[in-house]
Structures are given as structure tokens and as C-alpha cells.
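Participant: Let me begin by handing over the structure; questions about it come next.
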Amino acid sequence: MTRAIVIGAGIGGLALAIRLQSAGLDTLLVEARDRPGGRAYVFEKDGFTFDAGPTVITDPACLAELWALSGQRLERDVDLVPVSPFYRLSWPDGSIFDYGNDKEALARQIAALDPADVAGYERFLGFSASVYEEGYVKLGAVPFLDFRSMLKAAPALVRHRAWRSVYQTVAGYVRSEKLREALSFHTMLVGGNPMATSSIYALIHKLEQDGGVWYARGGTNRLVAGMATLFERLGGRLRLGDPVARIETEGDRVTGIMTRSGFTARADLVASNADLMHSYRDLLAHPRGKREAGRLARKNWSPSLFVLHLGVRGTFPEIPHHMILFGPRYRGLLDDIYRNGRLAEDFSLYLHHPSASDPGVAPAGHSSFYALAPVPHRGHAPLDWEVDGPNLAKRIIAEIERRLIPDLGARIVTQIQYAPPDFEQDLAAHLGSAFSLTPTLLQSAYFRGHNRDARIENLYFTGAGTHPGAGIPGVVASAKATARLILGDIGVRMDDRRYESGGHPKFSGLDGATEDAMSG
């Protein structure tokens with residue numbers, strides 16, 4: 001039996017380990033932290049449950065496929081519930097826009113901003129559907145290992161003017177500045193600057209409009225727990241709390257790993273879901289590691305985040321599950337975050353309110369919140385977060401008081417903050433980056449991290465730093481691409497319908513049914 005080791009039990013690593021174990025490989029999944037999740041970690045404090053990482057779940061069909069590989073159902077281990085609206089968008093002047101897939105409600109709100117933009121929005125959705133088909137369905141789980149593969153994709157990139165940014169593209173369809181912001185901010189959820197991220201990423205709208213936005217009851221950590229349960233039920237082995245210290249090699253092949261505790265394991269192949277820079281620079285015991293680390297150091301890395309978790313006395317049914325609180329600036333703030341390396345006095349916030357959908361994440365009569373502000377990574381802004389963190393937390397609380405909960409400060413019963421040094425220390429994230437490489441055109445597909453190393457033929461990668469990129473659908477698609485490579489390389493026969501891009505089952509969480517699970 002082929003032995004495989006996957007480093008890092010983030011969502012991408014779990015997805016890859018499930019695929020390999022489902023295909024009959026003897027798979028060991030090794031995780032540095034005391035529980036699986038990676039960026040999708042969880043904090044439990046004073047009766048509150050706080051998701052540390054991603055909270056927006058889209059394309060549930062890509063998750064259902066992981067269970068369907070072994071004839072099982074996602075619903076056995078994870079309870080997904082729909083979120084509506086997807087996001088409530090709020091501006092400093094008091095304007096509100098509820099973004100979802102209720103077409104009539106959207107048309108009314110768009111018309112209130114600018115009647116001409118109703119037709120423009122429909123044309124934008126047509127563009128989004130087209131790039132979704134090309135960039136996600138056809139190419140999302142296809143590994144780009146050589147430049148020829150990029151040339152094959154070139155006609156589609158040219159046809160969709162992929163060199164234009166998402167913001168430029170949106171601005172070509174709608175006139176309202178508020179609507180332009182509403183339709184371009186999504187790239188920040190995967191680490192991209194709306195002013196620089198390729199127009200291909202407009203596919204996110206089609207992904208949301210068709211598949212919806214979902215929440216795992218109990219938090220994203222329950223999705224992680226469900227994936228870990230599935231992996232172990234399939235016979236996979238999970239080793240927690242023991243960071244990998246070295247990927248062992250002999251010549252141009254990896255032979256296994258050694259952990260910080262001294263545990264060693266040999267394998268026929270190793271796949272890393274750890275930070276891409278960390279994998280090459282710190283783990284790979286081969287001269288290629290340092291060379292690749294030098295190349296990666298010259299690339300652009302996504303910003304970091306400052307996340308404030310708040311346990312609050314009282315309940316707030318008027319505040320929806322997801323909110324975006326835009327600040328007074330858009331382009332200027334993005335420049336400060338992505339280019340100037342400046343911690344600005346103003347900010348935009350993503351406010352997560354899971355207790356709006358799931359009271360169980362907070363004690364009775366209380367609410368759980370998570371306020372997230374994108375901030376420069378440590379290479380752009382070497383700030384003193386021991387000082388700047390508490391100050392930023394106070395300013396965030398004051399802004400939420402001004403716009404939503406006037407006495408928030410007095411209601412806080414517990415609080416956790418997570419800053420760039422925490423990303424760097426806990427996740428070995430290069431420069432404290434929260435999303436790995438930025439998703440620009442020249443850092444996408446072939447120009448992103450490859451799913452298999454170009455020289456070490458049995459060393460593979462998955463996760464945010466590889467094609468297609470960050471976000472839950474992105475890392476799950478990355479795992480699919482990597483699994484296809486591995487199984488093809490070792491000659492395992494597989495049902496192509498499960499591994500061809502776009503071949504995942506339908507999902508209907510409203511009635512708990514997973515249809516056509518094995519057919520795609």
C-alpha cells in the first residue's frame with residue numbers, strides 16, 4: 001500500500017488527506033497545533049465559541065464531494081444552514097445594502113442607488129458566470145505545472161481581459177460608487193486588493209448566487225471536525241500537537257518527515273498544506289528549499305488581519321450574520337493596506353455575528369461577535385502590535401458603538417485579539433500574511449505555487465499558496481488538483497467523474513439531501 005504524509009490539517013490538508021485515504025492510500029496527517037483547522041482554528045472562552053478563521057462557506061457541493069467519494073453524506077457530520085442576506089453592507093452615511101440572491105430585492109436596492117445600474121448589474125452577472133465557467137469549473141482543479149498549460153488558458157484570459165482588476169471590471173458595468181464597492185470587496189476575502197486582483201475573481205459572485213452562502217452550525221470549526229471525523233473513519237491517522245521539523249530527502253526524492261518531538265515517519269510521498277514559504281525555507285532538507293524560498297521572497301504577499309473576538313451581554317436580532325462596515329475611504333484605504341504599509345486611522349470592518357444564526361455559540365442571553373480589519377503584513381509595516389493592537393481594538397469598539405451598538409464597551413464580558421504576529425507564530429505564516437500570495441494575474445495559475453514540485457517528483461503542495469488560491473472553495477479545489485496529480489503519478493485508477501474539474505455533486509442543504517452524489 002502506498003504511504004502518504006500530509007503536513008498541516010487545515011481545510012486544504014484535510015481535503016487532500018480525505019481524497020488520498022478514500023483512494024486507498026495509507027495516509028498520515030500531521031498537525032502542529034492541538035486540534036485540526038489551521039487558519040480555521042477555534043477559541044473557546046467563558047462559554048463562547050469563536051471561529052478564528054474563515055466564516056463564509058460557499059460552494060457546499062465541493063465539500064459534499066469529499067464525503068461522496070466513499071459513498072457517504074456531508075450531512076452525517078456537518079449541519080450547514082443558509083445565511084440570508086449573504087452580507088449587509090453599511091456605509092458611514094447610514095446607507096444599507098443587503099446583498100443576497102433575491103433578485104427582486106437586489107433590483108429594488110440597485111435602482112435606489114442608480115436606476116441605470118439595474119441593467120448593468122445583470123450584464124456584470126453574465127460576465128461573472130462566464131469567468132466562473134472558465135476559471136472555476138474548467139480550471140479550478142487543474143494543476144498548472146508548466147507554461148504550456150498557461151498558454152492553453154490564455155485565450156480565455158484574453159477574452160475576459162484578465163489583466164483588468166475586479167474593480168475596473170465592475171466599474172465598466174455600474175456607475176454607483178457604493179455598488180462598485182459592494183461588487184468588488186469580495187476579493188479581500190481571499191487576500192486580494194480589488195484594485196489589483198484579476199477580473200477572473202469576479203467569479204465569486206456566480207459562486208454565491210448559484211450556491212448560496214452557508215454557515216456550519218457550531219461554527220466553521222464544526223466543518224473542520226466533521227472532515228477530521230470522516231478522515232479517521234476512513235482509516236486515516238491524525239497526529240496532533242507535533243510540528244513537522246524537517247521533510248527528509250534522499251537525492252531528489254522525499255522519504256518522510258521528522259517532527260519536533262523526534263517522531264519520524266517514512267512515506268512514498270509527502271504533501272504540504274503548511275505555509276508555502278515555511279515549507280520550502282524551514283522544512284525541506286534539500287538545497288532546492290533555500291532556492292525556492294529566495295524566489296518566493298520576491299513575490300507579493302497578501303495583507304495580514306487584526307481580528308477582535310467579543311463575547312457580549314445581550315442579543316441583537318437586528319444585526320445580521322455577516323456585515324461589511326465600509327469606512328470613509330475605499331481606494332485610499334486599500335492603498336494603505338496593500339501598498340503604503342500604513343496602519344490608517346480609518347478602516348473597513350467585516351463583522352461576523354454567528355449567534356444571529358446559532359445561539360449555541362454563546363451563553364444564554366449573550367452574543368458572539370468577530371470584527372476583522374485587514375492590515376499590512378509585517379514586511380510592509382513592522383508595527384509594535386503590543387501597543388498598536390490594544391489601540392486598534394479600542395478604535396474598532398468605538399466604531400461599532402457609533403454605528404450599531406452604542407453601549408458595546410460596557411457589554412463586553414470576554415475578549416480575544418489576534419494580530420499579525422499571531423499569524424506568524426501560530427501558523428508559520430510568512431510575514432504574518434493571512435492568505436499567502438496575493439491573487440494578482442501574475443501570481444495565479446502557473447505563476448502561483450505549483451501542486452507538485454518541479455524537481456522533487458514526490459513532493460506535493462496544497463492550500464492557499466497554490467492554484468487556485470485562498471478561501472474554502474479555493475483550498476478544496478487545490479486539494480482536488482493535488483490528489484489528481486498524486487493518484488495519476490502512482491497509477492491509481494480513479495473515477496474521472498470525481499476528479500475532473502466541475503464534477504462535484506449537487507447540494508441542497510435546505511432538505512438535507514445530497515443528490516447525484518457519485519455522478520457529478
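The values are calculated or read from the model by the stated rules, or taken from the named source; none is laboratory data. In this text the structure is predicted, and so the values were computed from the model without any measurement. In this analysis, Cβ positions are derived from the backbone assuming ideal geometry, glycine residues included, and neighbour counts consider all displayed protein chains.
Participant: Pairs needed: first member in the stretch 233-254, outside the structural domain of Leu459 (by TED's automatic domain parsing); second member anywhere, among the β-branched types (Val, Ile, Thr); C-beta distance under 9 Å; at least 6 residues apart or different chains.
Facilitator: none
Participant: While we're here: Taking Leu113 and the conditions (1) under 29 Å from Pro439 (Cα atoms); (2) of a type in the set (A, V, I, L, M, F, W, C); (3) in contact with a Leu (Cβ under 7 Å, 6 or more places away or on another chain), which numbered condition does it fall short on, given that it satisfies the others?
Facilitator: Of (1) under 29 Å from Pro439 (Cα atoms); (2) of a type in the set (A, V, I, L, M, F, W, C); (3) in contact with a Leu (Cβ under 7 Å, 6 or more places away or on another chain), only one is false for Leu113: (1).
Participant: Looking only at the stretch 227-245, how many residues end up being buried (at least 23 other Cβ atoms within 10 Å of the Cβ) and either closer than 27 Å to Val56 by Cα or touching a His at 6+ places or on another chain (Cβ under 6 Å) (or both)?
Facilitator: Qualifying residue count, the stretch 227-245: 4.
Participant: Kindly list, by first and then second residue, each pair from a residue in the stretch 67-88 that is over 19 Å from Ser357 (Cα atoms) to a residue that is part of a strand (DSSP E or B), limited to pairs with Cβ atoms under 9 Å and residues at least 6 apart or on different chains.
Facilitator: Matching pairs, first to second residue: Arg73/Ala513; Leu74/Leu80.
Participant: What is the number of the single condition among (1) surrounded by fewer than 24 Cβ atoms within 10 Å (Cβ to Cβ); (2) in contact with a Leu (Cβ under 7 Å, 6 or more places away or on another chain) that Gly449 does not meet?
Facilitator: In the conditions (1) surrounded by fewer than 24 Cβ atoms within 10 Å (Cβ to Cβ); (2) in contact with a Leu (Cβ under 7 Å, 6 or more places away or on another chain), Gly449 misses (1) alone.
Participant: Now, a different point. Quick one: in the stretch 94-126, of everything that is in contact with a Ser or Thr (Cβ under 7 Å, 6 or more places away or on another chain) and closer than 18 Å to Gly172 by Cβ, which residue is surrounded by the fewest Cβ atoms within 10 Å (Cβ to Cβ)?
Facilitator: My answer is Asp114.
Participant: Residues being assigned to a loop (DSSP other than H, G, I, E, B) and crowded, with 24+ Cβ neighbours inside 10 Å: count how many of those fall in the stretch 27-51.
Facilitator: Summing the residues that are assigned to a loop (DSSP other than H, G, I, E, B) and crowded, with 24+ Cβ neighbours inside 10 Å in the stretch 27-51 gives 2.
Participant: Then there is this: Among the residues of the stretch 150-160, write down those that are surrounded by 15 or more Cβ atoms within 10 Å (Cβ to Cβ) and either outside any helix (DSSP H, G or I) or at pLDDT below 70 (or both).
Facilitator: Of everything in the stretch 150-160, those that are surrounded by 15 or more Cβ atoms within 10 Å (Cβ to Cβ) and either outside any helix (DSSP H, G or I) or at pLDDT below 70 (or both) turn out to be Met150, Ala153, Leu157, His160.
Participant: Looking at the stretch 59-90 only, could you name the residues that are among the hydroxyl-bearing types (Ser, Thr, Tyr) and surrounded by fewer than 21 Cβ atoms within 10 Å (Cβ to Cβ)?
Facilitator: Of everything in the stretch 59-90, those that are among the hydroxyl-bearing types (Ser, Thr, Tyr) and surrounded by fewer than 21 Cβ atoms within 10 Å (Cβ to Cβ) turn out to be Ser70, Ser84, Ser90.
Participant: Only one residue in Ala483, Ala434, Ala479 is at pLDDT 95 or above, over 25 Å from Lys290 (Cα atoms) and not polar (S, T, N, Q), so which one is that?
Facilitator: Ala483
Participant: Please give the number of the condition Trp67 fails out of (1) aromatic (Phe, Trp, Tyr); (2) over 22 Å from Ser22 (Cβ atoms); (3) outside any strand (DSSP E or B); (4) in contact with a helix residue (DSSP H, G or I) (Cβ under 6 Å, 6 or more places away or on another chain).
Facilitator: (2)
Participant: Based on this model, can you work out whether Gly211 counts as touching a strand residue (DSSP E or B) at 6+ places or on another chain (Cβ under 7 Å), modelled with pLDDT under 95, surrounded by fewer than 23 Cβ atoms within 10 Å (Cβ to Cβ) and over 13 Å from Ser165 (Cα atoms)?
Facilitator: yes
Participant: Still on this structure: Would you mind telling me which numbered condition in (1) within 19 Å of the chain's Cα centre (by Cα); (2) under 15 Å from Asn300 (Cα atoms); (3) at pLDDT below 95 Leu442 fails?
Facilitator: Leu442 satisfies all of (1) within 19 Å of the chain's Cα centre (by Cα); (2) under 15 Å from Asn300 (Cα atoms); (3) at pLDDT below 95 except (1).
Table: residues versus (1) assigned to a helix (DSSP H, G or I); (2) closer than 30 Å to Val244 by Cα; (3) among the basic types (Lys, Arg); (4) touching a Leu at 6+ places or on another chain (Cβ under 8 Å).
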site	(1), (2), (3), (4)
Met258	no, yes, no, no
Ser261	no, yes, no, no
Val270	no, yes, no, yes
His278	yes, yes, no, no
Arg295	yes, yes, yes, no
Lys299	no, yes, yes, yes
His309	no, yes, no, no
Ile324	no, no, no, yes
Gly332	yes, no, no, no
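Participant: Can you pull out every residue in the stretch 337-395 that is at positive phi and either at pLDDT below 95 or within 24 Å of the chain's Cα centre (by Cα) (or both)?
Facilitator: Within the stretch 337-395, just Gly341 meets the criteria.
Participant: Within the stretch 167-178, identify whether any single residue is assigned to a helix (DSSP H, G or I), touching a Gly at 6+ places or on another chain (Cβ under 7 Å) and buried (at least 23 other Cβ atoms within 10 Å of the Cβ), and answer yes or no.
Facilitator: Looking through the stretch 167-178, none of the residues is assigned to a helix (DSSP H, G or I), touching a Gly at 6+ places or on another chain (Cβ under 7 Å) and buried (at least 23 other Cβ atoms within 10 Å of the Cβ).
Participant: Output the residues belonging to the stretch 354-407 that are closer than 27 Å to Leu437 by Cα and touching a Ser or Thr at 6+ places or on another chain (Cβ under 6 Å).
Facilitator: Val375, His377
Participant: Do any strands (runs of 3 or more DSSP E) lying entirely in the stretch 355-471 carry at least 2 residues that are within 30 Å of Val254 (Cβ to Cβ), in contact with a strand residue (DSSP E or B) (Cβ under 9 Å, 6 or more places away or on another chain) and not acidic (Asp, Glu), and which ones are they?
Facilitator: 459-461
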